[in-house]
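Let me begin by presenting the structure, written as structure tokens, before commenting on it.
Please treat every number below as a calculation from the coordinates, not as lab data. Here the structure is a predicted model, which means the values were calculated and not measured. When we count neighbours, we look across all protein chains shown, and the Cβ atoms used for this are built from the backbone with ideal geometry, even at glycine.
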Amino acid sequence: MKALLLRDIRLAVRAGGGFGLGLAFFLIVVVLVPFGVGPDSGLLARIAPGILWLGALLSCLLSLDRIFALDWEDGSLDLLATAPLPMEALVSIKSLAHWLTTGVPLVLASPLFALLLSLPSQGYAPLLMSLALGTPALSVIGTFGAALTVGLKRGGLLLSLLVLPLYVPTLIFGAEVARRGAMGLDFTVPLAMLAGITFGAIALLPFASAAVLRVNLR
Amino acid sequence: MASFWEYANPKKFIQTTDKLLPWLSVLAALTLVVGLIWGFFFTPDDFRQGSTVKIIYLHVPSALMAINAWLMMLVASLVWIVRRHHVSALAARAAAPVGAVMTVIALATGAIWGQPMWGTWWAWDPRLTSFLILFLFYLGYMALWAAIENDDTAADLTAVLCLVGSVFALLSRYAVNFWNQGLHQGASLSLDKEKNVADVFYFPLLFCIAGFVLLFIALVFLRTQTEIRARRMRALLARERLG
């Protein structure tokens, strides 16, 4: 399991630039927003939590098809499936690797991007907390979508259509935590809900992803 | 007493539904005509809403069926996963476009009613938002069916998507409650008589709901038959090509 995790991380960091791409996309989204809505810092501060969450979500989505696609093409997914490792563990490791290579950098970079959008200073801690708690759910749900579309030739667009509706609850609670935090309100309730969704997804979705992957490898 | 599972046999299913379909269709048309004409022409205007109240005869039944169509797909998907009856998977597939259209009808009639009443076509109200999300789920479900060539793989994948989607649709339904306060009024119908709409509106509404339910069943039967026949034809063609 550890070997597989390390292998996936190494592949993501070294080969093909999937690692930096998500961050660069996040940066571009953040840079483009002021062009779209104007440079008024009051307005930017008000929409900053939502923009940051949307940016994180979209750049997460961008890298989803890499989770299984490369392994599917060169056949190593078949090898992994016949390995003694249960399929549920395989997909969990895959989501963990995806989170470590896209989610964690996004979380770490978000304060910098929040600065660009002039987020009020009390909003930083809640933003970080909500992203740190929410991005694992994005990875796990995304793994399910990637497992569904793994066999398809042009699955990219379909993947977004399937995964984005599933992201709705996570986005609602995550952005709500960041928004309330930025306004100096109490954010414990949405934070607890977000944690519930994340842990629920981590606990249950790998079974669905594994079932789907088994069907696709049949 | 014959077992319910006999209808999992495609031949038996087609025989039975062939017998039922004309009756269902006529009954659906009758109840809809009676309900809609009664509702539109023989009920008084509401003293606050004026004649716009009559859109309830389309809005409530279609919204009801939009949700119940998904529920039916969920049950059919479960039956497919557990017992692997092809008719069940095809019925789920057949119901999806019908449910999606019901969702659109509910959203459109709601917008037409909302414009004079709320002063806006659209508001980010929890009920409206969750219906839009439900519509997205229908779209994703149908797109996945269309994208996969192998029938059994498609049936399996969409069945799991339906299960997972149901959980997330429910989550979204309650999450949007948290996110924004509602503009939409509470339910117009309930088993508790006190909370119901007035009887003049209630009885034609019941007819319309019955009509929509019958229409839905008839459409699903018809579309399932089509799917079964299309699949048979594909099998025959494949066999012919093999010689």
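Tabulated results
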item	result
Built amide H within the under 5 Å cut-off of B:Asp46, gap 5+	B:Val53
log10 of Debye I(q)/I(0), alpha-carbon scatterers only, for chain A at 0.11, 0.12, 0.13, 0.17 Å⁻¹	-0.53, -0.62, -0.72, -1.13
CD proxy at 222 nm, helix term only [per DSSP H run n ≥ 4: -39500 (n - 2.57); per residue of chain B; nearest 500]	-28000 deg cm²/dmol
The stretch A:31-65 and the stretch B:69-127: distance between their alpha carbon centers, rounded to Å	32
Bins of 10 Å, starting at 0 and running to the largest distance - Cα pair percent for the stretch B:1-92	14, 28, 29, 17, 10, 2
Cα Rg over Rh - the protein assembly as shown, Kirkwood	1.02
About the Cα centre, charge dipole magnitude for the protein assembly as shown (Lys/Arg +1, Asp/Glu -1 at Cβ), debye	820
Inverse of mean 1/r across different Cα pairs in the stretch A:162-210, Kirkwood, Å	11.7
Order of A:Lys2, A:Lys94, B:Lys54 - criterion: other Cβ atoms within 10 Å of each residue's Cβ, fewest first	A:Lys2, B:Lys54, A:Lys94
Neighbourhood charge, 15 Å Cβ-Cβ cut-off, centred on B:Leu24 and excluding it, Lys, Arg +1 and Asp, Glu -1	+1
Point-to-point label distance, A:Arg10-B:Asn177, nm (Cα→Cβ direction, 7 Å offset)	5.0
Net charge of neighbours whose Cβ lies under 15 Å from the Cβ of A:Ala192, counting Lys and Arg as +1 and Asp and Glu as -1	-1
Rule-of-thumb Rg ratio for the stretch B:127-184 [Cα; 2.2 N^0.38 Å; N residues]	1.35
Estimated inter-spin distance, B:Trp118 and A:Leu115, nm [label 7 Å along Cα→Cβ]	4.2
Computed [θ] at 222 nm, deg cm²/dmol, chain A (DSSP H ≥ 4; -39,500 (n - 2.57); rounded to nearest 500)	-27500 deg cm²/dmol
Summed residue charge, Cβ within 13 Å of B:Arg173's Cβ, Lys/Arg positive, Asp/Glu negative	0
